[in-house]
């Protein structure tokens with residue numbers, strides 16, 4: 001009888017299907033000073049991330065390149081946060097290899113913006129494929145500029161990744 005019970009348990013265990021994996025957004029470390037990506041939403045059709053500034057003062061504008069896998073994501077839109085004045089310039093262009101080149105800037109004389117763990121902009125993507133993938137800022141092509149036109153030094157740009165768990 002004991003052997004029959006063990007056999008029944010083994011058969012039941014073998015018949016169970018593996019638990020389906022869920023796609024999750026894993027953020028990078030939040031920089032002491034700089035820019036990072038924070039999740040707003042992730043579902044089976046889309047991903048929405050916030051570009052967040054931490055301990056940034058006197059910001060006039062920023063420019064960046066963001067790399068992602070075009071087989072996994074398709075960039076659809078960048079929306080500046082309400083912190084930017086209505087006449088601010090915002091531009092975002094993607095290419096077929098998964099590079100987003102974007103900038104947001106004030107126009108003319110303007111007061112610099114301060115960001116302490118606050119949203120600079122929102123990025124929207126269509127999800128093409130549920131698989132592991134990185135979303136990273138370029139190490140060389142990102143800059144924050146103050147109201148004097150000078151690059152703000154010592155800023156870290158941190159991306160994240162999508163991971164099946």
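The values are calculated or read from the model by the stated rules, or taken from the named source; none is laboratory data. The structure presented is a predicted model; accordingly, all values stated were derived computationally and were not measured. Don't worry about glycine lacking a Cβ; one is built from the backbone with ideal geometry, like all the others, and counts go over all protein chains shown.
List of remarks:
- Where residue 90 falls short, out of the listed (1) in contact (Cβ under 8 Å) with a residue 24 or more places away in the chain; (2) in contact with a strand residue (DSSP E or B) (Cβ under 7 Å, 6 or more places away or on another chain); (3) within 18 Å of residue 31 (Cα to Cα): (3)
- Figure legend. Inter-residue proximity from segment 29-42: first residues on the phi > 0 side of the Ramachandran plot, second residues surrounded by 15 or more Cβ atoms within 10 Å (Cβ to Cβ) and not in a strand (DSSP E or B), beta-carbon distance below 8 Å, spacing 6+ or different chains. Indicated pairs: 34/155.
- Residues within segment 139-165 that are in a loop (DSSP other than H, G, I, E, B), touching a strand residue (DSSP E or B) at 6+ places or on another chain (Cβ under 6 Å) and modelled with pLDDT of 95 or more, tallied: 5
- Qualifying residue in segment 49-61 (condition: buried (at least 16 other Cβ atoms within 10 Å of the Cβ) and farther than 27 Å from residue 154 by Cα): no
- The test for being assigned to a strand (DSSP E or B), farther than 20 Å from residue 113 by Cβ and either in contact with a strand residue (DSSP E or B) (Cβ under 9 Å, 6 or more places away or on another chain) or modelled with pLDDT under 95 (or both) holds for residue 47.
- When 81, 138, 133 are screened for being surrounded by fewer than 16 Cβ atoms within 10 Å (Cβ to Cβ), closer than 19 Å to residue 36 by Cα and out of contact with any helix residue (DSSP H, G or I) (no Cβ under 8 Å at 6 or more places or on another chain), only 138 passes.
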